[in-house]
Amino acid sequence: MTEGRPTSEGALRTVVAQAWIGLAAWMTFGLILEGLIGFRSPTYLQDPTRRELFRLAHAHGTVFGILLLVASLAQTVGMIAPPRAAVLSLRIGTVAMPAGFLLGGIWHYGTDPGPGIFLAPLGGLMIIFGVITIAVSYLSAKDGTLGKVESAAKNSETETKKK
């Protein structure tokens with residue numbers, strides 16, 4: 001690892017694995033919520049606080065799984081070289097925010113979410129930090145990272161034409 005930037009393929013594979021596992025888990029959770037609606041579960045339908053927090057957990061978890069996939073893809077093709085802190089922040093935030101909504105909905109008091117909800121804003125701050133750090137890293141890159149992607153594409157086209 002150089003300058004705090006992950007270079008190993010193993011580090012990238014763990015981010016991709018987390019993204020796919022997160023997508024599978026949160027989409028399955030959404031399917032369970034649909035089943036609770038379809039079977040008219042009173043525990044779920046008659047509790048608007050739980051219903052709203054579970055919906056937020058499902059939506060945020062799914063979208064953040066896609067965010068991790070996009071960031072991994074951009075790193076794979078060389079568009080970005082995110083700092084290690086940004087990747088770690090994204091990874092933790094994509095788990096903490098939806099988990100906060102889920103825990104806040106499981107144990108709640110009347111119309112107030114449970115204490116687990118405190119994970120949601122912490123996760124949100126971590127995601128914002130990671131995204132801003134990656135954006136600043138990309139915009140301040142002196143080596144023309146995007147240019148490398150374009151030149152690699154041109155080189156592969158040239159090699160294809162030679163064959």
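Out of the residues in segment 3-60 that are over 20 Å from LEU103 (Cβ atoms) and part of a loop (DSSP other than H, G, I, E, B), which is nearest to the chain's Cα centre (by Cα)?
The selected residue is PRO6.
Return the residues of segment 22-59 that are among the aliphatic types (A, V, I, L, M) and in contact (Cβ under 8 Å) with a residue 40 or more places away in the chain; say none if nothing qualifies.
Matches in segment 22-59: LEU23, LEU53, LEU56, ALA57.
From the list PHE64, PHE54, PHE118, which one is closer than 19 Å to THR14 by Cβ and of a type in the set (Phe, Trp, Tyr)?
Result: PHE64 is the single residue among PHE64, PHE54, PHE118 that is closer than 19 Å to THR14 by Cβ and of a type in the set (Phe, Trp, Tyr).
With respect to the numbered conditions (1) touching a Lys or Arg at 6+ places or on another chain (Cβ under 9 Å); (2) closer than 15 Å to GLY130 by Cβ; (3) part of a helix (DSSP H, G or I), which one is the sole condition not fulfilled by ILE66?
So the condition that ILE66 fails would be (1).
Does ALA74 meet the test of being out of contact with any Ser or Thr (no Cβ under 7 Å at 6 or more places or on another chain) and under 19 Å from GLY124 (Cβ atoms)?
It is false that ALA74 is out of contact with any Ser or Thr (no Cβ under 7 Å at 6 or more places or on another chain) and under 19 Å from GLY124 (Cβ atoms).
Just to verify a result, which residue in segment 8-58, among those that are at pLDDT below 95, among the polar types (S, T, N, Q) and surrounded by fewer than 13 Cβ atoms within 10 Å (Cβ to Cβ), is farthest from TYR109 (Cα to Cα)?
So the residue we want is SER8.
So, in segment 120-161, of the ones that are outside any helix (DSSP H, G or I) and exposed (fewer than 15 other Cβ atoms within 10 Å of the Cβ), which residue ends up modelled with the lowest pLDDT?
Pass one, segment 120-161, residues outside any helix (DSSP H, G or I): 140-144.
When the remaining residues are screened for being exposed (fewer than 15 other Cβ atoms within 10 Å of the Cβ), the result is 140, 142-144.
Details: SER140: 88, LYS142: 72, ASP143: 64, GLY144: 55.
So the residue we want is GLY144.
State the number of residues belonging to segment 107-119 that are surrounded by 14 or more Cβ atoms within 10 Å (Cβ to Cβ) and part of a helix (DSSP H, G or I).
Count: 4.
Tell me the residue from ALA85, ALA81 that is in contact with a Ser or Thr (Cβ under 7 Å, 6 or more places away or on another chain), over 16 Å from ALA17 (Cα atoms) and assigned to a helix (DSSP H, G or I), please.
The unique qualifying residue is ALA85.
Does segment 60-88 hold any residues that are among the small types (Gly, Ala, Ser) and either buried (at least 20 other Cβ atoms within 10 Å of the Cβ) or touching a residue at least 24 places away in the same chain (Cβ under 8 Å) (or both), and which are they?
Across segment 60-88, the qualifying residues are GLY61, GLY65, ALA71, SER72, GLY78, ALA81, ALA85, ALA86.
The values are calculated or read from the model by the stated rules, or taken from the named source; none is laboratory data. What you are looking at is a predicted structure, and each value in this text was computed from that prediction instead of being measured. Note that we place each Cβ from the backbone using ideal geometry, even for glycine, and neighbour counts take in every protein chain shown.
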